[in-house]
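Since the structure comes first, as structure tokens, the remarks are kept for the end.
The values are calculated or read from the model by the stated rules, or taken from the named source; none is laboratory data. Being a predicted model, the structure only gives us computed values, none of them experimental. Ideal geometry is used to build each Cβ from the backbone, glycine not excepted, and the neighbour counts take in all protein chains shown.
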Amino acid sequence: MSRFTTQHEDFRNLQRRLLYLRTGLLFCLLLLSARLWYLQVVKGPYYRELAEQNRVRTVDLKPARGLIFDRHGELLANNVPSFNLYLTVEDIRDREGLAAALEELIGLPRAETKKRLVQQAKSYVPILLKSGLTLREAALLEGRRLELTGLRVQAESQRNYVQGPLGSHLLGYVGEVSPEQQEEPDFAGLVQGSIVGKSGVEKTYDRMLRGKPGEKTIEVDARGNERKIVAVVEQTPGDDLYLSLNLRLQRLAESLLGAESGAIVALDPRNSDVLVMASSPAYDPNVLSRGLTPALWEQIASDTRHPLTNRALQGQYPPGSTFKIMVASAALESDKWSADTKVRCAGAFPSGKHMFKDWKKGGHGVMDLYHAIVQSCDVYFYNVGQRLGIDTIAETARLFGLGQPTGIDLPSERIGVVPSTEWKQRVRKEPWYVGETISASIGQGYITVTPLQMAVAIGAVSNGGTLHRPRLVRAVRERATGRLQEFPSVERGPVPLQEDTFHFLQDALREVVLHGTGGRARSRSISIAGKTGTAQTVAARVTQLSTDEEAIPKQFRDHAWFVAYAPAEEPQIAVAVLVENTGHGGTYAAPIAKALIEEYMKDSDVDDRHQIAGQL
Amino acid sequence: MIDTRSPDSFEWRFVLVALGILALGVISIYSVSPSPLSKGQTPLYAKQLAWILIGLVAFLAAVAIDYHSLARHAYVLYGLTLILLVLVVVMGRSSRGAQRWFAVGPFAFQPSEVAKLVLVLVLSKYFADVQRAGWIQRVIVPGLITLPGLLLILKQPDLGTAMSFTFIFVSMVLVGGLHAKALGLGVLFTSMLFPFAWELIWTSLHDYQRDRILTFWDPMTDPAGKGYHALQSRIAIGSGGLLGKGLVEATQSRLKFLPEGHTDFIFAVFAEQWGFIGVFVLFLLFAALIFLASEIAGKAKDPLGLLLAAGILSMVGFCLMVNVGMTMGIFPIVGIPLPLMSYGGTTTVTSMAALGLLLNVKRRRLTLFY
């Protein structure tokens with residue numbers, strides 16, 4: 001009995017302890033419920049937001065850049081798909097293996113890959129290693145994506161210049177926005193990596209061409225794979241530009257320049273449409289737009305012929321005898337000189353200790369202003385210059401737009417120099433010497449101009465004194481509305497000279513081509529008027545004694561100028577041609593102007609029918 | 001089969017609660033099953049259903065065989081289990097630096113899960129036999145019984161199961177009848193030993209285990225790396241809110257931000273989808289199970305039955321608390337499945353067999369007076 005009782009007591013003991021276990025467990029469950037209430041109800045909204053952040057990503061949708069056409073609707077720039085290779089340094093596990101694999105798969109030198117990896121400062125920003133992969137290369141890389149961490153092939157839209165290097169300076173090229181560019185108001189607010197215009201029309205009209213990026217909100221899984229599109233704000237493609245450029249003429253102009261350095265600008269003097277803007281040597285904007293490697297940049301920057309310079313508006317040259325147009329105008333407007341004033345040219349003009357020579361040995365004999373222009377008599381203009389003084393000449397030159405920006409819609413235009421006594425005192429801190437006036441009166445010395453300025457000036461002569469701002473873009477078509485907005489041509493105001501002065505100049509310039517120094521521009525089909533110029537390079541003065549042009553080293557030879565317009569009676573085209581380091585303008589530049597004008601006038605009526613509005 | 005001669009609604013309630021939890025588990029597994037499946041792949045929820053069927057067989061077998069005869073072979077069973085544990089360390093399949101599984105055909109068999117139940121059986125048998133003995137027999141000897149199994153599991157290493165093992169031992173010692181004086185001494189002794197033991201345990205842990213314990217305190221120290229599990233789990237549970245997001249909108253689990261959603265973190269999946277209300281119902285089911293199990297234990301006819309039922313209760317209860325605790329960030333992340341809900345063959349079958357044993361204890365209590 002007692003044994004049973006003890007056993008019974010023990011059992012009761014066990015049962016009591018069991019109760020503790022049960023109570024303990026249920027109490028724990030209660031604690032867990034409290035924690036659950038805290039997480040789900042108290043902090044619920046917070047965690048719900050975290051879950052949303054997990055789930056949703058936004059992806060930028062890059063807009064396609066606007067297209068660029070010439071005046072006849074010929075395509076100049078469009079966009080093509082391109083496979084680009086990006087590397088994120090942070091994600092790379094095996095640098096050696098990656099470099100080796102890239103060499104094996106796409107032939108990228110191992111050393112170059114490693115160099116790029118070291119240069120990168122922010123390791124989480126993907127760097128563009130190579131653009132324009134072939135489909136095969138892209139497929140090879142994609143196939144090994146899992147083992148080659150940090151590597152990404154992305155299909156993107158790539159700017160494509162259909163005509164290659166043709167018109168490259170005018171079109172410009174594109175690239176990733178630089179930190180310096182982001183400071184400019186036109187490029188403010190762009191995210192890093194945005195593709196923007198770096199020069200030319202691409203830069204000036206970037207705001208229109210660039211379009212508006214869109215945004216895609218997607219739901220991703222834990223591996224970042226897209227599962228579902230939540231919302232899309234479509235990107236707006238950039239607006240299309242219709243240039244005033246005449247592609248056929250541009251092509252001819254560039255081939256006429258050939259291997260020589262130089263520039264050709266052709267405008268329509270009625271409205272200053274830029275028909276041609278050629279600069280040689282050129283570059284291929286496609287290469288520059290596909291991402292510059294440091295090596296390539298080095299190569300371009302160290303090229304002594306400066307292919308990136310747009311000589312049409314950045315090249316500043318002495319105008320040589322083409323400047324006689326301005327000096328003659330000054331003479332006609334002045335009461336110190338008249339068209340009939342005669343000077344005897346004996347081939348030299350003494351001033352102080354110096355003897356200024358005429359280009360023609362032995363001189364031209366007795367000249368009046370008209371014949372002095374036709375024969376480009378230096379001695380006659382030395383006399384004009386000495387009588388008028390530099391300040392009068394400078395004042396007239398400025399009336400033609402020299403020494404000022406033409407206001408063309410392209411970046412980085414240079415304005416040249418129109419020297420005066422005030423200028424020299426201000427810039428050089430020296431007084432003006434009379435001998436310098438003598439040089440200036442035939443367009444030598446301090447005076448420099450750009451081919452574009454000369455084209456605008458000769459255009460103003462041809463149309464009786466109206467200066468226009470050169471117009472490169474005739475119209476823009478908004479992608480969003482399809483609306484075509486034409487850009488009007490802008491007058492900068494008249495050149496305030498007498499009508500007779502223009503008539504005098506026009507007659508003289510026509511005679512230059514018919515019987516003067518511009519004979520090589522004489523055309524059987526078109527009446528061309530023009531003026532030759534032969535600009536001495538600074539160093540050339542040293543070697544001036546040599547008479548044989550071919551014997552002078554290339555870099556010391558003169559720059560050849562020819563400014564012209566046609567038809568003389570009713571001008572439709574004004575041209576400025578500059579060929580560096582060749583020789584006489586009449587020999588080297590005049591034939592180019594003639595060929596260009598003849599080609600243009602061949603179907604100028606066709607040209608007129610091809611108004612943009614008709615095209616669209 | 002369940003004895004129809006004694007129409008006891010209690011048994012049916014018990015079975016229904018268990019089946020309810022199992023069903024919620026299958027739904028949660030279904031919701032995180034990848035779709036579409038690759039060719040020839042069986043979906044996880046279908047596999048789990050198969051495991052439940054096998055589990056039912058184990059359940060019925062555990063009900064049918066008298067637990068007294070099972071207890072008679074307890075030491076032999078424990079010996080066999082130890083051999084399995086040695087084998088798994090020597091030749092088992094490894095995953096994340098731990099060897100826990102045997103490949104049995106296409107299935108993975110995890111002996112440590114079975115070992116927990118066998119430990120409950122062997123300790124029940126031991127305590128039932130040594131009633132009214134001294135503290136050496138009540139603490140040291142059962143400790144020596146537990147130790148080989150514990151060491152082998154630590155060797156794998158399987159921190160979670162080792163903790164279950166320890167907890168089963170401690171709770172059986174307490175229920176089995178440790179005097180208050182001895183209990184106090186034990187606690188004192190353990191807490192004195194703890195700094196040394198801690199050093200030993202800490203250095204023997206794998207790096208990932210240490211990281212999990214460290215990031216438990218603050219998952220934000222490394223949200224994308226070591227704290228990822230803990231953080232994503234908290235986000236999943238918290239974002240469920242009061243009413244839950246439903247099966248489709250539960251982005252944390254459906255989009256796989258939550259890793260191991262079908263196994264260790266199934267509770268987080270459930271909480272995201274069903275919210276506080278849903279989890280409250282789930283907790284009620286578990287509370288009912290605990291309550292019914294302790295009823296069975298309390299009404300057992302003999303100490304063996306009581307101890308067996310109490311051991312099973314503590315085994316299941318511990319897994320429940322630790323698993324839920326770790327998903328909610330009040331316990332470090334150790335690999336412990338949620339009983340009856342987590343996907344897994346061994347854990348499902350073992351848990352169901354354990355419930356069968358409980359019912360076995362319940363049914364045999366009537367036979368005493370026959």
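Please state which of the following conditions A:ASP10 fails to meet, knowing it meets all the rest: (1) within 9 Å of another protein chain (Cβ to nearest Cβ); (2) at pLDDT 90 or above; (3) more than 30 Å from B:ILE277 (Cβ to Cβ).
(2)
Just give me the residues in segment A:32-58 being part of a helix (DSSP H, G or I), of a type in the set (A, V, I, L, M) and more than 7 Å from every other protein chain (Cβ to nearest Cβ), in sequence order. First the steps, then the outcome.
Filtering segment A:32-58 for residues part of a helix (DSSP H, G or I) gives A:32-42, A:44-55.
Right, trim to of a type in the set (A, V, I, L, M) and you get A:32, A:34, A:36, A:39, A:41-42, A:50-51.
A:ALA34, A:VAL42, listed by residue number.
Yes/no matrix, rows are residues, columns are (1) touching a His at 6+ places or on another chain (Cβ under 9 Å); (2) over 30 Å from A:LEU472 (Cβ atoms):
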residue	(1), (2)
A:ASN310	yes, no
A:GLU333	no, yes
A:ALA339	no, yes
A:ASP358	yes, yes
A:VAL374	yes, yes
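Report those helices (runs of 4 or more DSSP H) wholly inside segment B:224-322 carrying at least 1 residues which are facing another protein chain (nearest Cβ under 7 Å) and within 20 Å of A:ARG48 (Cα to Cα). Give the steps one after another, and end with the answer.
Values: elements: B:228-240, B:246-249, B:251-254, B:266-298.
Counting at least 1 such residues, we get B:228-240, B:251-254, B:266-298.
Could you tell me whether segment A:578-595 includes any residue that is modelled with pLDDT under 90, among the aliphatic types (A, V, I, L, M) and either out of contact with any Phe, Trp or Tyr (no Cβ under 8 Å at 6 or more places or on another chain) or part of a strand (DSSP E or B) (or both)?
no
Among the residues of segment B:241-259, write down those that are of a type outside the set (Lys, Arg) and crowded, with 21+ Cβ neighbours inside 10 Å. Full working, then the answer.
Step one: filter segment B:241-259 for residues of a type outside the set (Lys, Arg), giving B:241-244, B:246-253, B:255, B:257-259.
The answer is B:GLY241, B:GLY244, B:ALA250, B:THR251, B:GLN252, B:SER253, B:PHE257, B:LEU258.
Among the residues in segment B:258-265, are any at pLDDT 90 or above and among the hydrophobic types (A, V, I, L, M, F, W, C)? Show your work before the answer.
If we filter segment B:258-265 for residues that are at pLDDT 90 or above, which is where we start, we get B:265.
Cutting the leftovers down to among the hydrophobic types (A, V, I, L, M, F, W, C) gives us B:265.
Scanning segment B:258-265 turns up at least one residue that is at pLDDT 90 or above and among the hydrophobic types (A, V, I, L, M, F, W, C).
Quick check on this structure: which one of A:GLY464, A:GLY493, A:GLY443, A:GLY482 is on the phi > 0 side of the Ramachandran plot, part of a loop (DSSP other than H, G, I, E, B) and in contact with a Ser or Thr (Cβ under 9 Å, 6 or more places away or on another chain)? So that I can check it myself, show each step before the final result.
Details: A:GLY464 fails: in contact with a Ser or Thr (Cβ under 9 Å, 6 or more places away or on another chain); A:GLY493 fails: part of a loop (DSSP other than H, G, I, E, B); A:GLY482 fails: in contact with a Ser or Thr (Cβ under 9 Å, 6 or more places away or on another chain).
Only one candidate qualifies: A:GLY443.
Taking only segment A:291-318 into account, find how many residues are surrounded by fewer than 20 Cβ atoms within 10 Å (Cβ to Cβ) and small (Gly, Ala, Ser).
So the answer is 4.
Do the conditions hold for A:ARG22, that is, is it within 7 Å of chain B (Cβ to nearest Cβ) and touching a residue at least 12 places away in the same chain (Cβ under 8 Å)?
Numbers: within 7 Å of chain B (Cβ to nearest Cβ): yes; touching a residue at least 12 places away in the same chain (Cβ under 8 Å): no.
So A:ARG22 does not fit the description; no.
Here are some residues: A:ASN271, A:ASN286. Which one is of a type in the set (S, T, N, Q), in contact with a Lys or Arg (Cβ under 9 Å, 6 or more places away or on another chain), under 30 Å from A:VAL177 (Cβ atoms) and surrounded by fewer than 23 Cβ atoms within 10 Å (Cβ to Cβ)? Lay out the reasoning, then the answer.
Working: A:ASN271 fails: under 30 Å from A:VAL177 (Cβ atoms).
Checking each option against the conditions leaves just A:ASN286.
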